[in-house]
Amino acid sequence: MRAYPRCAEESGFVSHHQYLEEYNPMKKSLSLLGCALGASLLFSHTAAAQDCETITLGSAISLTGKYATNGIHAKNGYEFAIQKIKDAGGVQFGDKCYNFNVIYYDDESKGDRGATLAERLINQDKVQYMLGPYSSGLTKAIAPVTEKYQIPMVEAEGASRSLFNQGYKYLFAVLSTSEQYLASAVTLAAEKADDPSKVKVAVAVENDPFSLDIRAGVLEDAAKFDMQVVIDEQLPRDLSDMSAILTKVKLLKPDLLIVSGHSKGAATAVRQIGEQKIDSPMVAITHCEAADVVGNFGAAANDILCSTQWAETLTYEDPLFGSAANYEKEFKEAFPEYKDKSVPYQVAQASAAVYVFKDAFERAASLDKEAVRDAIAATDMMTFYGGIKFSEFGNNIAKPMVLRQIQDGEYNVVAPSEFASHPLNWPRTPQ
Amino acid sequence: MKKTLFYAVLLLITIAAPYLFPDYGTQLATLWLMIIVALTWDMTGGQMGYNSLGNIFFYGTGMYVAALITIGMVHPIGEYTDASRSELMLFTEGQYFTGLIVGSLGAGLFCALSAVIIGYITFGLRGPYFAIGTLGVAIAAGELVSNWDWVGGGQGIQLPVYPGDLDTGKVVFYFLFAITGVALFIFLKWLYSTRFGAAINAIRDDEEKAEAMGIHTMRYKLTAWALSAFFVGVAGGISAFQLIHFEPLETAYQTINLGIFMVVCVLLGGKGTLWGPVVGAILFHVIKEVTWNYLLGWQWVALGALIVVTVVYFQDGIMGWLMHNKPEWFGMRVEKKEQEGTA
Amino acid sequence: MDQFLSNIGLLFEFPIVNLKIIIDGLMIGALFALAAYGLALVWGVMNVKNLAQGDFVIAGGYVAWYLSRHGMPPLLGVPVAFVVMWGVGWVVYRLVISRVIERDLFTSLLATFGLAIIMAQMLNLLFGSDTQSIQLDYDTLYFFDFIDIPIAKLLGVLMATALAVAVVLFMKKSRMGQAIRATSQDARAARVLGIDTEKVYSFTFSLNSAICGAAGAIIVMVWVIQPFYGITYSIRSFVIVTAAGLGNLPGVIAAGLGIGVAEQYGAHIFGIGYQQAIAVLLLLLVLVYRLVQQRRVRQSLK
Amino acid sequence: MSTIIDVQDVTKSFGGVLANSDVSLQVERGGITGLIGPNGSGKTTLFNSVVGYHPIDSGSIHFEGQEISKLPVQKIARLGLLRTFQQTRIYGAMNCVENMLISMPHRKMTFLESFGRNTAEDRERAEMLLDFVGLYEKRWLRSGSLSFGQQKLLEFAMALMNEPTVLLLDEPTAGINPTLINGLIDRLKRANSDFGITLFIIEHNMRVIMNMADTIYCLAHGKLLAKGSPDEIQNDQRVIDAYLGAH
């Protein structure tokens, strides 16, 4: 079934160097164009490389559209893990070894496109196992399809809790659900306050499944402490100015300001918080690393709290990738464009998803998708990314969220306390 | 005789397609969706001269109405759409199919009604103002729905997965779209042969003259739009079930996707003809799928270029071009009496 | 509902907020007005309704952003974007616009829509989908302990004003400006009078593109840009021009500033999630208002 | 005979230019009424006021006793008051028969009837009327390819097809080959006598209007100058002066 030559298909076969080049943003477009032509060439190149057989995974991922940056992070994470597994001798069970190969399609950051592509991967490309797309919204669009066809999907980028109350049996997420992202900030604020019920909270999140879930988590925890929510607003998807909200922040003086809206939300928030000299004692946002707020806004980002699924300073490790720090080092070597910034957790969790598949295949010792599904469901492992163990609903319950604070341009873990490397700066000192 | 044979063959292909190409079931269903939206757009755009950029409003509204009817018959909607709910809310097979049928038809009716209400205002606008005004309606609707928590807001809505066997499910959706499409085609073939058809053509060619002759222009415009909205609404309703999960801004009220595609399909195939939208939709769908596969990353640029080139250089479309260059194919002879053979 | 009421309450409890909202609205409105003025020009002179207006703005922003990354002083971005986008506008005019001028109105609308898609995607391919901005290390001015005006924003508004004044003077004084105005009144008469309307058209469109580009260069310094943000500026331009009418510069400026302020008020009261909806609903309101006006004289809006 | 159109003290100005000033006139049911006047005397303005193209500043216009000066065009047309245009307006892309069938009197149809197809009688009637105006031979031609005069005839036939109560004709003979004019006069008269359609005609050609009308109104400088039978008008010194003065 090769009716559609697929452009990115060969990346599983491509030598390391080539796929690095493919995701150099400026060259990306050119190489995408050329890849159809290059496919046959690459094919011959791989024949001699390994004797392992191939396990084909499918993924619709955002290569264009508003999630493209994070989509490419995820793809890089997948590719890095695949290469690592290959270098380590592949997935081994029975007497054979297998390498992963991923068929990618571009979902353009659009849900209906993602669902269509998932159908295509399953029906036309006969893919039996899927890796997730980027963002909760896309995962929500694709999960019903994989569920319908009973295709196990391990996803790494869809965190919304609403994914895990549908009774899905074939959906597994290695990351923590999003209501936990900033909930620990609420706890921190409560710890710092003399009387938690006096704490005023302001919430401004994007109007998408992921961020709305963050909001739900914050509101729940705030309710637990009986805090007052003084601002509760949604950001538009094409956000470029949030001074209207920040004006209210100035008036109502919340003790905790929560902002979430992917990279653009982070960028806009940090910039305008600096400009308008917002002096809330605690500001917590998501996607700091993805938006590179330190690099872009420097001192304006000081003392801002950033939630993260993973940090390279954590003490997790596994036999394949080594420690978290080692993962970061090797990944930067393989993908030099990340050299000057910290590796976003979106990359790490994508690699972890592939790792879950490797582990599950080896335990199942079978290519039967039901057996693999059951093996995934039984996963209980430690990785460089953290513990992975799925609840009956498919979300990972073995790994906490981490809160880091930007202290003098460095991301330092400040919560939860068992992983904290630095004390919290409170109240934050605005620039 | 020849014509009967032609239609018989087409019908046969339509029925056989999902069995011949089982792997392409979803794409074939999407093709029918494109045909439906193109044909309905042409009702007002091609036949009546009112170029709407907002017909996607009916698609999105259809999705929501169908979903809300289905959910509302079984569960409280507000609880169902609450993302943080923890218990499962399920549907039985009977509830699913009742929802699918009642929801889609209800969506059609609701859209027809809303077309009358919106049209009553927008049909006072002419030319580009009508296009911009309808586009505005669609964008505003998407924005407002995305802020409306009761229907799920930016989270969107999740419908149950098709309860039966997978392959049957695919075929079922294909035929739901195909039957709607064929019904629409037959309906339009009849409609365009009536006095009503002539009247909306008159509105297109010279609305002032039509008014001066006492044609109920507003009534006909509203009727045409309502009929077109009905079919788009039904198609939207079916899409909601096919897609299972949808959200307001990018799936339901997708102004710059399907909302524009339907116009391009019609322009490509030929405005104001019965077959033009069908041919255009098929061609466009094929071009789109091919560019999506071969020009990964550049597909949108290619599509934008296709729109510009079609609009600027090839506005009569394929059918228009054929009619101009091969009039004999359409039985158009100057002396002959049979003149309405444009189909 | 409570939220709306308490938001309205804030306006009365802290009257200074009104001043803040108005200042913010005027600052953003000035840039809307700039882009809208360009639209009014091409609409009035060549009857082209340019749906890619916002994408020219964003493209100008990327020009400034890209060059400032490569060492150019950020403030130079405005004139440079003006010049570069002039060239882009000229090319676009040659390739597409010149062929839709004489065509029916829907053609220009759809063709520029296609153009908008191409431009947004090209920017996406070239620069990625991340939001970008130029960070100017200027301070913020403070008034009454509450009103903050970042100097960067102030500079932006000043540059926008300077540009608007320059364009207006140009239209009034120069020969080309006069030719443009003559053509917009009556293209055929202008041709009879020996005005090369083709040249006027290409000049007008390039000028529009350049104005948009400069506006974009300012926007990237005070807000953020992203390849797909064009549509928001296009919508605002259409709202403003529809409200103000063509060839009515004071009207365009007033409508631009007014919409800026109205949006800020709307964002304050209903929440900024409604900002886009408010802009579009304003457009619909303006259309309905004009429609009622026309109905009174037994006409429809054409 | 009773009054079918009653124009009372109509004033209409365009940006300060007074086009009609206190014009009052009556069109009698079943008759042929003429409206003459030099160029720029406000005839077409008055027509447009009657059929609803623009609002009037003051005065009233009644049709069959109903005030119509505030109604939009299509509502007036649906009352049975139809007009033809000085510059003809036909559907150029369609052939003559299609043009005729579009002109079916939709105001007389119920909503459901408008979804019917045209019957054989309708087609017969269309062809009969095309024959009546002398276009039978050309009935399958694209109407845009007809000569200007033929297009005028087609427009006239379309108006008849619509079965109006009153037909307002704006210079029906302008641009028509002089040899055809006698035939046209005859047809207009027959439309009046055989089909019972009240005619209200603007005409420049004195010979034509004197030949047809039973009552003639003369406008000059937006004011009603004279009213009377053709004989009275022909001998009215004010009318003669107005025309001479205008030339």
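The values are calculated or read from the model by the stated rules, or taken from the named source; none is laboratory data. Computed from a predicted model, the values in this text were never measured in an experiment. As a convention, Cβ positions derive from the backbone with ideal geometry for all residues, glycine included, and neighbour counts pool all protein chains shown. Side chains included, ligands, DNA and RNA excluded: accessible areas come from the protein's heavy atoms. Shrake-Rupley method; radii C 1.70, N 1.55, O 1.52, S 1.80 Å.
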Directionally averaged shadow of segment B:53-254, computed from the convex hull of its alpha-carbon atoms, nm²: 11.9 nm²
How big is the convex hull of the Cα atoms of segment A:322-401, per residue, in Å³? 104 Å³
Give me the percent of accessible area attributable to carbon and sulfur for chain D, probe 1.4 angstrom. 50 percent
How big is the charge dipole of segment B:53-254 about its Cα centre, in debye rounded to the nearest 20, if each Lys and Arg gets +1 on its Cβ and each Asp and Glu gets -1 on its Cβ? 740 debye
May I ask you to evaluate 6.51 cos²θ - 1.76 cosθ + 1.60, the Karplus curve with θ = phi - 60°, for each residue of segment B:179-188 and list the ³J(HN,Hα) values in order in whole Hz, giving x for glycine and proline? 5, 4, x, 5, 4, 4, 4, 4, 4, 5
A:Asp340 versus B:Glu93: modelled label distance in nm, points set 7 Å from Cα along the beta carbon direction: 6.2 nm
Taking the dipole of chain A about the Cα centre (Lys, Arg +1; Asp, Glu -1; charges at Cβ), the one of A:Ser243, A:Ala352, A:Pro133 that reaches farthest to the positive side is A:Ser243
For a quick check: with amide H placed at 1.01 Å from N, whose amide H comes under 5 Å from A:Thr54's, ignoring anything fewer than 5 positions away on the same chain? A:Asn99
Only Lys, Arg (+1) and Asp, Glu (-1) charged, at Cβ; segment B:87-189 dipole about Cα centre in debye: 580 debye
Shielding by partners, peptide A:277-285 (average Cβ within 10 angstrom, other chains): 1
Carbon and sulfur together cover what percent of the accessible area of segment B:53-254 at a 1.4 Å probe radius? 68 percent
Asserting the computed 222 nm helical MRE of chain B (DSSP H runs at least 4 long, -39500 (n - 2.57) per run, divided by residue count, to nearest 500) equals -23500 deg cm²/dmol
Using the Cα atoms of chain A to build a convex hull, what is its mean projected area in square nanometres? 19.2 nm²
Using the alpha-carbon atoms, what tilt in degrees (0 to 90, nearest 10) does helix A:136-148 show relative to the longest principal axis of chain A? 40 degrees
What area, in nm² and to one decimal, does the C-alpha convex hull of chain B cast on average over all directions? 19.0 nm²
Quick check for you: with a 1.4 Å probe and neighbouring chains kept, what is the accessible area per residue of the protein assembly as shown, in Å²? 35 Å²
Using a cut-off of 14 Å between alpha-carbon atoms, which aspartates and glutamates can reach A:Lys264, once sequence neighbours fewer than 8 places away in the same chain are excluded? A:Glu206, A:Asp208, A:Asp238, A:Asp241, A:Glu289, A:Asp292, C:Asp130
Inside 10 Å of the C-beta atoms of A:286-299, what's the mean count of C-beta atoms belonging to other chains? 1
Size-normalised alpha-carbon gyration radius of chain D, reference 2.2 N^0.38 Å: 1.01
Using the Karplus curve 6.51 cos²θ - 1.76 cosθ + 1.60 with θ = phi - 60°, work out ³J(HN,Hα) for each residue of segment B:56-61 in order, rounded to whole Hz, and write x for Gly and Pro. 4, 3, 6, 5, x, 5
Run lengths n ≥ 4 of DSSP H only: what is the helix-derived mean residue ellipticity at 222 nm for chain C, with -39500 (n - 2.57) per run over all residues, to the nearest 500? -25500 deg cm²/dmol
Over all distinct Cα pairs, what is the inverse of the mean 1/r for segment D:89-163, reported as the Kirkwood hydrodynamic radius in Å? 12.3 Å
With -39,500 (n - 2.57) per DSSP H segment of 4 or more residues and division by the full residue count of chain A, the 222 nm estimate, nearest 500 deg cm²/dmol, is -12500 deg cm²/dmol
Can you list the lysines whose alpha carbon is less than 19 Å from that of D:Lys189, not counting same-chain residues fewer than 8 positions off? D:Lys152
Averaging sequence separations of C-alpha pairs under 8 Å and six or more residues apart, then dividing by the length of chain B, give the relative contact order as a whole percent. 29 percent
Mean Cβ neighbour count within 10 Å, used as a protection proxy, ranking B:194-205, C:40-51, A:93-104 highest first: C:40-51, B:194-205, A:93-104
Can you bin segment C:2-301 into rounded, prolate or oblate? Criterion: square roots of the alpha carbon gyration tensor eigenvalues sorted a ≥ b ≥ c, rounded for a/c under 1.5, prolate for a/b above b/c, oblate for the rest. oblate
Rounded to the nearest 20 Debye, what is the dipole magnitude of segment C:73-156 about its Cα centre when Lys and Arg each give +1 and Asp and Glu each give -1 at the C-beta? 540 debye
Beta carbons within 10 angstrom, averaged per residue: use that to sort the peptides A:132-138, A:236-242, A:206-212, C:2-8, highest first. A:132-138, A:206-212, A:236-242, C:2-8
May I ask you to list the aspartates and glutamates whose Cα is less than 17 Å away from that of A:Lys389, ignoring any residue fewer than eight positions away on the same chain? A:Glu155, A:Glu157, A:Glu317, A:Asp318, A:Asp359, A:Glu362, A:Asp374, A:Asp380
If packing is taken as the average number of other Cβ atoms within 10 Å across a peptide's residues, how do C:180-189, B:230-239 rank, most packed first? B:230-239, C:180-189
Cα-based radius of gyration of the protein assembly as shown once divided by 2.2 N^0.38 Å, which approximates compact folds: 1.03
How big is segment A:82-139 along each principal axis, measuring the range of its Cα positions in Å and listing the largest first? 41, 22, 15
Viscosity 0.890 mPa s, 25 °C: Kirkwood-radius Stokes-Einstein D of segment C:158-302 over Cα pairs, µm²/s: 141 µm²/s
Total accessible area lost when A and B pair, probe 1.4 Å, Å² to nearest 100: 4100 Å²
Within 10 Å of each Cβ of B:245-257, how many other protein chain Cβ atoms are there on average? 6
Can you tell which of D:Leu46, A:Pro144, D:Ala77 lies farthest toward the positive end of the dipole of the protein assembly as shown, using +1 and -1 charges on the Cβ of basic and acidic side chains (Lys, Arg; Asp, Glu)? D:Leu46
Accessible area lost on pairing D with B, both sides, 1.4 Å probe, Å² to nearest 100? 3000 Å²
Just name one of C:Ala120, B:Gly280, A:Met282: the one whose Cα is farthest towards the positive end of the charge dipole of the protein assembly as shown (beta-carbon charges, Lys/Arg +1, Asp/Glu -1). B:Gly280
Pick from D:Asn235, D:Asn20, D:Asn162: which is most flexible by mean-square fluctuation in a GNM of chain D where alpha carbon atoms under 10 Å apart are linked? D:Asn235
